[in-house]
Amino acid sequence: MPNPSSQTSTILLVDDEPDIVLALRDLLEADGHQIDVASTGVTALECVKNHPHGVVILDVKLPDMDGLLVLEMMTKVAPGLPIIILSSYTTLDSVTGPLEEHGAFAYLHKPINRSEIRTTVRQALKAYTLAQKMDRAHHALMESELRFQAVFQTATDAIVLADHTGRIMSWNKSAELMFGYTAEEMFGKPLTLIMPIRYREAHTAGMKRLQTTGEARVMGKTVALHGLRKSGEEFPIELSLNSWTTGAHPSYSGFIRDLSFREPKKNDVLQSRTV
């Protein structure tokens, strides 16, 4: 099924009364809308399946199908498409229940009230445009999250994300392998869990200083420290810290490289031989 642009103003009129169709066409074309016409339920459903529309104006009394059945089928073919019901029945809502439950955007009575039709169509188009923008934003956010997760989980360095209190929010696969804890085990746990005891007091003091004064002595820098595996083993690491703010409080990211398997430099080898 085609996806209509959020800017479309093509309106599908579904009615088998030529006078009604002519009146609506003249009224809405004067407002700059393009008009498609279907006189039967089957034709209307085909139009919705094969062409983009911003609004449908649907008569409930059609020659081949019950209009409410067409309404039900249209909401399945094009979820979210605003459908305005036209009817000469004054008791239709009390018979069928609230038409909003059937997927109708609005319910207007015949004979046509020109001002009411124009206002309702304008509201329907605005609502549809807003819904499409929100849907595109949601999809863009999901795609961005998928791209982030792909990079995050395949990084060779351990990546640890923490909130402003120093508690872990996320932990990639390299971090699992490096420290021996699963992401589930570490969620919500303090960063001190992966630090040797001798670093913890300084870390706690640094977090307090950061929260109260904003002073960050190691943020944006790379430092050589030691990490603590789940097994209790200490190992040398290289840590790069960064921060970002998306709400009331900052969050932190740490990129950690295990230096345990780093090949010694030539100077290190020469020094070891002279000792």
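The values are calculated or read from the model by the stated rules, or taken from the named source; none is laboratory data. Nothing here was measured: the structure is a model prediction, and the numbers come from that model. When we count neighbours, we look across all protein chains shown, and the Cβ atoms used for this are built from the backbone with ideal geometry, even at glycine.
Per this entry, residue 222 is counted among residues that are at pLDDT below 90, under 28 Å from residue 153 (Cβ atoms) and surrounded by fewer than 16 Cβ atoms within 10 Å (Cβ to Cβ). For residues that are hydrophobic (A, V, I, L, M, F, W, C) and surrounded by 10 or more Cβ atoms within 10 Å (Cβ to Cβ), scanning just the range 225-257, find the one that is nearest to residue 182 (Cα to Cα). Looking at the filtered set, the residue picked out is 228. Restricting attention to the range 137-189, the residues being of a type in the set (Val, Ile, Thr), assigned to a helix (DSSP H, G or I) and in contact with a strand residue (DSSP E or B) (Cβ under 6 Å, 6 or more places away or on another chain) number 0. Any residue in the range 229-246 that is within 25 Å of residue 148 (Cβ to Cβ), out of contact with any strand residue (DSSP E or B) (no Cβ under 8 Å at 6 or more places or on another chain) and of a type outside the set (D, E, K, R)? Within the range 229-246 (the criterion being within 25 Å of residue 148 (Cβ to Cβ), out of contact with any strand residue (DSSP E or B) (no Cβ under 8 Å at 6 or more places or on another chain) and of a type outside the set (D, E, K, R)), the answer is yes, since at least one residue qualifies.
Applying a threshold of 6 Å to beta carbon distances and a minimum spacing of six or more residues, or different chains, the list of pairs starting in the range 167-186 at a residue that is closer than 14 Å to residue 231 by Cα and ending at one that is among the charged types (D, E, K, R) and in a helix (DSSP H, G or I) reads 182/176.
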